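Peer 1: First, the structure itself, so that you have it in front of you.
The values are calculated or read from the model by the stated rules, or taken from the named source; none is laboratory data. Predicted model, so just to flag it, every value in this text is computed and none were measured. Here the Cβ positions follow ideal geometry from the backbone for every residue, glycine too, while neighbour counts run over all protein chains shown. Surface areas here come from the heavy atoms of the whole protein model, side chains and all, with no ligands, DNA or RNA. Shrake-Rupley method; radii C 1.70, N 1.55, O 1.52, S 1.80 Å.
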Amino acid sequence: MFTIEEFGRKLRAREISAAEMTDECLRRIADGNARINAFIHVMTDEARRQAHEADRELAGGRDRGALHGVPVSIKDIFDIRGTATTAASRVRDNHVAGHDATVITHLRHAGAVLIGKTNLHEFAFGTTSEDSAFGPARNPIDPTRSPGGSSGGSAASIVAGMALASLGSDTGGSIRIPSAACGTVGLKPTYDELPIEGVVPLSRTLDHVGPITRSVPDAWHMQQALLGREAGRPLVATPISSLRLAVPRAYFCDLLDDEVRATFESSLEALRKGGARIDDAGIQHAKTIAPIYMHISFGDAAAYHATTLETMPDRYTPPVRVRLELARYVLAEDYVRALAGREVLRREVDAALSGHDALVLPSLPIPAPVIGANFVQIGSAKEAVRPLMLRLTQLFNLTGHPAISLPCGTTSAGLPCGLQLVGGRMHTESLLRIAFAVEQVLSS
Amino acid sequence: MTIDTWLKTALADAERRGLPELKPLLESLAQAMRTLRDADFNEDAGR
């Protein structure tokens, strides 16, 4: 399957049309969706209409840029006017969106073809995409395993060639975790950089939206489109020999699957050989990350779901309902403590970045877990899957720093591992330039 | 509210509401509360 850039070159050379590309994605969905359950709703007729319009425009001399005619899948948490936004929940039965989410409007203006709505962990409140009213999304590399979550169907749709890019959301890692589990690139921009209007919330102060793609330059093109900008210039990589990276080892590298650790260390070695300087860094209050994240995300989710938990509790999947009920026990005084701790963590990440271009750490401590597994073994320790999957990503939702996951190798079983880069706040473009340089080293 | 009081009350409430599966999760949340309250960044009227 093509990257956005490869497709764009072929489209403009008249070697392929948007309609042909869209039909190929639709064919793959028809052939493969029963196996991986990536899509909740396929917008066949609408996608074909948009693709033909894109071809007509291009033939008439109107080129909207990098996303012109590109089939894009959309996590079913974003409003698309006239369609249901299910959030993978029966709680949303009978919902029909009256308006497009702002980022959907931007994608339409960029010429993207909206090919369908993808499966997710119900209300984005989970990391495996298995608790969904529409059944679990599955990892295309091994369908007995989770594609990660909550944007699991989005990442799966890219790996399966059912779309060239996807739009996801990330409250504790929900773009980066499935990207690591499936072997895609996932970008969480700086907090509040992309609008969240028309997106079903999990936690308004932690929610981010962003792209899932096959390459870093594709993430750049998607990010530009989501910002509502003309994508007129290509992404230029930062010279690898000028990179100053820092690894936050304590806490972040304490609990890793052996093969994930080995893949991460060999990636660092490749970057060193390429000329990057790699130091160690520390986050002093790292042990408070999960408690702070838990209190803020739970408090926010409880407020949003309080009414429906009372009026229609049986419409939630049982595991999501139980965790939302748990969220209702958070005390206000602890929520306030968590807000104070969040500011401390933000300053500590800023300090760790001082003198460095980016932090580098794994994205996910384990390969994609088996669907239904509540615990995994790491060395002699038996660890709960959900907190483990959030462990390396949730900090940057709390602090708002931009973060990207990109593939850095596979385990002996062929399961992808992800490398995470974290940049300075409001410097998402710089982070993408760094990520492009790292991608070139790791793929060579 | 102390954590012990909170946990006792929450466990009883979960039982009353017919949600016994909440019990281990409430105990995990209590542990997170302890870590949060023990952190040195908390303000304290007595300090």
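Peer 1: Under the rule of -39500 (n - 2.57) per DSSP H run of 4 or more residues, summed and divided by the residues of chain A, what mean residue ellipticity at 222 nm is obtained, to the nearest 500 deg cm²/dmol?
Peer 2: When only DSSP H runs of four or more count, the value is -12500 deg cm²/dmol.
Peer 1: Rounding to the nearest 20 debye, state how big the charge dipole of the protein assembly as shown is about its Cα centre with +1 on each Lys and Arg Cβ and -1 on each Asp and Glu Cβ. Intermediate values should be presented prior to the final figure.
Peer 2: Values: 53 positive and 58 negative charges, 77 e Å.
In total the dipole reaches around 380 debye.
Peer 1: Return the percentage of antiparallel bridges among DSSP beta bridges fully within region A:1-135, rounded to the nearest 5 %.
Peer 2: 40
Peer 1: Here's something else I'd like to know. Checking buried surface per residue: for region B:1-37, which residues lose a minimum of 40 Å² accessible area in the protein assembly relative to the chain alone (1.4 Å probe)?
Peer 2: At a threshold of 40 Å² (probe 1.4 Å), the residues of region B:1-37 that become less exposed are B:W6, B:R17, B:L19, B:L22, B:L25, B:L29, B:A32, B:T35, B:L36, B:R37.
Peer 1: Next question, about the same structure. Computed over the Cα atoms, what is the radius of gyration of the protein assembly as shown divided by 2.2 N^0.38 Å, N being its residue count?
Peer 2: Ratio of Cα Rg to 2.2 N^0.38 Å: 0.94.
Peer 1: Compute the relative contact order of chain A as a whole-number percentage, counting only Cα pairs closer than 8 Å that sit 6 or more residues apart in sequence.
Peer 2: In percent, rounded to a whole number, it is 17.
Peer 1: Shifting gears a bit: Only bridges whose two residues both fall in chain A count here: according to DSSP, what percent of them are antiparallel, nearest 5?
Peer 2: 65
Peer 1: Quick check for me: using +1 on Lys/Arg Cβ and -1 on Asp/Glu Cβ, what's the dipole size of region A:106-189 about its Cα centre, in debye to the nearest 20?
Peer 2: For this selection, approximately 240 debye.
Peer 1: Turning to a different aspect of this structure: Determine the share of the protein assembly as shown's accessible area contributed by carbon and sulfur atoms, expressed in whole percent, with a 1.4 angstrom probe.
Peer 2: Solvent-exposed carbon and sulfur of the protein assembly as shown make up 50 percent of the total.
Peer 1: Still on this structure, I have one more. Between chains A and B, what is the buried accessible area summed over both chains (1.4 Å probe, protein heavy atoms, nearest 100 Å²)?
Peer 2: Heavy-atom accessible area buried at this interface is about 2000 Å².
Peer 1: List the extent of the Cα atoms of chain B along each of their three principal axes, largest first, rounded to whole Å.
Peer 2: 42, 16, 11 Å, listed from the longest principal axis down.
Peer 1: Could I ask something else about it? For the protein assembly as shown, report the accessible area per residue in Å² (1.4 Å probe, heavy atoms, rounded to an integer). Working shown, then result.
Peer 2: Working: 18260 Å² over 491 residues.
Value returned for the protein assembly as shown: 37 Å² of accessible area per residue.
Peer 1: Quote the charge dipole size of region A:346-444 about the Cα centre in Debye, to the nearest 20; the model charges only the Cβ of Lys and Arg (+1) and of Asp and Glu (-1).
Peer 2: The calculation lands at about 260 debye.
Peer 1: Also: Can you pull the Rg over Rh of region A:91-217, Cα-only, Kirkwood?
Peer 2: Using Cα coordinates only, the ratio equals 0.94.
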